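The values are calculated or read from the model by the stated rules, or taken from the named source; none is laboratory data. In this text, all values refer to a predicted model and were calculated from it rather than measured experimentally. Glycine also receives a Cβ, built like all others from the backbone with ideal geometry; neighbour counts cover every protein chain displayed.
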Amino acid sequence: MDPYFQIFLTIFSGVSIFVIGQIVIIFFIEPIHQLKNHVRQVLDDLIYYADIYSNPGEHNKQNFNDTNKVLRRNASKLRSLANSIHFYEKWEIIFHLPSKNNILIASRKLIFLSNSLVNGNHQQNADAADEIEFALGIKKQKIV
């Protein structure tokens, strides 16, 4: 075999493997990583804003507006990140991701919390936060 052709094949193989690796990272691994980071962000926000959604109607308007925006943003981002992952059902098992149904439940409960900041019931809000954590796999069982 011609040594120049062998060099060409080696370089071509290396570049091909690099390109395939980058495609896998960009289209599969990075969206999964973003979703997992956002699940952690949702937990952080649930803890940070617990005093507001646990005491509906008892804080100033600015706190309600800020919390409302954060909860709604979390809800929409959860759904959009889950929908950006190609072959989600397959990756869900491998990377221990929440099911698409659980993403939908968590998103709806986040919207519920954002709507319940002023006139909500503190117990229903606390239950919604627990259901969000359970749906996202943060808590292993529902608290009864």
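What to note about this one:
- Test result for His96, exposed (fewer than 11 other Cβ atoms within 10 Å of the Cβ) and touching a residue at least 40 places away in the same chain (Cβ under 8 Å): yes
- First in region 102-122 and more than 19 Å from Ile138 (Cα to Cα), second anywhere and surrounded by fewer than 19 Cβ atoms within 10 Å (Cβ to Cβ) and of a type in the set (Gly, Ala, Ser), Cβ under 6 Å, 6 or more apart: Val118/Gly57; His122/Ser54
- Within region 27-47, being β-branched (Val, Ile, Thr), surrounded by 15 or more Cβ atoms within 10 Å (Cβ to Cβ) and more than 8 Å from the chain's Cα centre (by Cα) holds for one residue alone: Ile32.
- Count - residues of region 49-71 that are within 17 Å of the chain's Cα centre (by Cα) and either hydrophobic (A, V, I, L, M, F, W, C) or surrounded by 12 or more Cβ atoms within 10 Å (Cβ to Cβ) (or both): 2
- Region 106-141, residues that are of a type in the set (Val, Ile, Thr) and modelled with pLDDT of 95 or more: Ile111, Ile132
So that you can scan it fast, the table gives a plain yes or no per residue for (1) among the small types (Gly, Ala, Ser); (2) touching a residue at least 24 places away in the same chain (Cβ under 8 Å):
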residue	(1), (2)
Asp51	no, no
Asn55	no, yes
Gln62	no, no
Thr67	no, yes
Ser80	yes, no
Tyr88	no, no
